[in-house]
2 protein chains.
Amino acid sequence: MDEDDRVSRAFAALADPTRRDIVGRLAAGDATVGALAEPYDISIQAVSKHIKVLADAGLVSQRRDAQRRPCHLEAEVLDLMTKWIERYRRQAQERYERLDAVLAEMHDDERPIHLPRPHQGAAS
Amino acid sequence: MDEDDRVSRAFAALADPTRRDIVGRLAAGDATVGALAEPYDISIQAVSKHIKVLADAGLVSQRRDAQRRPCHLEAEVLDLMTKWIERYRRQAQERYERLDAVLAEMHDDERPIHLPRPHQGAAS
DNA sequence: TCTGTTGTCAACCATGTGGTTGAGCAGGAT
DNA sequence: ATCCTGCTCAACCACATGGTTGACAACAGA
C-alpha cells in the first residue's frame, strides 16, 4: 500500500463521527469491541466494521485475549496526517504573510487587487 | 452546520487524492477552475464538483472575476483538523509515557502485562 | 449581436459505504 | 460434551460519491 493511499484511508476513516468518537475513547486507553460498542445504538457488527476500517487505515491495532479483541490506538498515522496538513497550512500562511508584506510595501500605489500570480501556462 | 459536521466534511474532503492535490496546489497560490483541472485527465465538470466539495467543507473559497472563479485556500479549517488530531495524539502519547514510567518503576516485579485498566463498567 | 471562453447544473451510471439481520467461529465456563 | 460470550463474516439494502455527457448561464471581445 503506497503512502498516498494510506493518507486517503486515514482521512476517510476519520470522516465518520462514530469512528472519530472511537478514536477519542481509545486515546484514553485500550478497549474491547463490546466496550466500545456499548454507548452507540447501532449493532455490534456495525461497530466491528468501523473498527475494521480504522484498522485498515492503520489507526488501530487489535491483539487477541481469549474471545476478546482489545483495540489499541496507533498514533503514527495521526502524525502522518498532521504532517500532511501542516505542510500546506504553513505554506499558505507564509504566502499570506508575504502578500501582506507586498501590500504594505505598495500601500500608496493604487494597483487593483489582481497581482501578477504567474501560474503554469494554461488559461487566459 | 455544527462543529462535528464541519470536521466530518473536512476529513471527507481530504480523503480524496485529487482533492488533496488541489489543496496542495492552492497552497502555492490561488488558481482558476480551468487551471486546476488542466493536469488531471478527468472532465472539468468533475473538477468543478471536487472544488464544490472543498468549498462546502470550508477549505476553499471562490471569488468572481468575469467568467473565471478563482479558488482560494482557506487555512482555518486545516487548523481545526490538526487541533482535533493533535488532541488525541498527545493524549495517547502521554498515556504511553505514563505506562513506560509504571513499567520502569516495577522493573523487578514480575506482574504480567495486564494492568488494571479501569474502563466504564461494561464487559468482563 | 454573435461567438468563444469559463464554469455550473442536471441526469445518469457504477461503485462504495453505513446500516441491518443471520450464521458461524473461537474459546472460556459448567 | 455443551453452552454462553465475544466477535467476525456474508448477504442484503438505501444512499452517497466520483465519474460521465449534455445543456446552459455569465461574460469578454469581434
Compactness of region A:3-75, expressed as Rg and Dmax over alpha-carbon positions, Å
11.6, 36
From the gyration tensor of the Cα coordinates in region A:21-61, what semi-axes in whole Å does the equivalent ellipsoid have, largest first, with each one equal to sqrt(5λ)?
15, 13, 8
Pairwise burial B:A, computed as accessible area of each alone minus the pair, summed, 1.4 Å, Å²
3800
For region B:3-75, size of Cβ-based charge dipole, Lys and Arg +1, Asp and Glu -1, in debye
220
Rounded to the nearest 10 Å², what accessible area does A:R6 have for a 1.4 Å probe in the complete protein model?
80
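Stretch B:R68-B:D2 to full length: gain in nm at 0.36 nm per residue minus the Cα-Cα span?
Details: separation 66, 0.36 × 66 = 23.76 nm, distance 3.11 nm.
Here the segment from B:R68 to B:D2 would lengthen by 20.6 nm.
Of A:M1, A:M81, which has the most accessible area and how do the rest follow, probe 1.4 Å?
Values: A:M1 140, A:M81 0 Å².
So, going from the largest accessible area down, we get A:M1, A:M81.
Among residues other than B:T82 whose Cβ falls under 12 Å from its Cβ, what is the net charge (Lys/Arg +1, Asp/Glu -1)? Mind dumping the intermediate values first?
On the way: positive: A:K83, A:R87, A:R89, A:R90, B:K83, B:R87, B:R89, B:R90; negative: A:D79, A:E86, B:E76, B:D79, B:E86.
Net local charge, B:T82 excluded: +3.
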For B:R87, inter-copy label-point distances (7 Å, Cα→Cβ), nm, shortest first, read 2.6
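The values are calculated or read from the model by the stated rules, or taken from the named source; none is laboratory data. Everything numeric in this text was worked out from a predicted model, so none of it was measured. In this analysis, Cβ positions are derived from the backbone assuming ideal geometry, glycine residues included, and neighbour counts consider all displayed protein chains. Heavy atoms of the whole protein, side chains included, go into the accessibility calculation; ligands, DNA and RNA do not. Shrake-Rupley method; radii C 1.70, N 1.55, O 1.52, S 1.80 Å.
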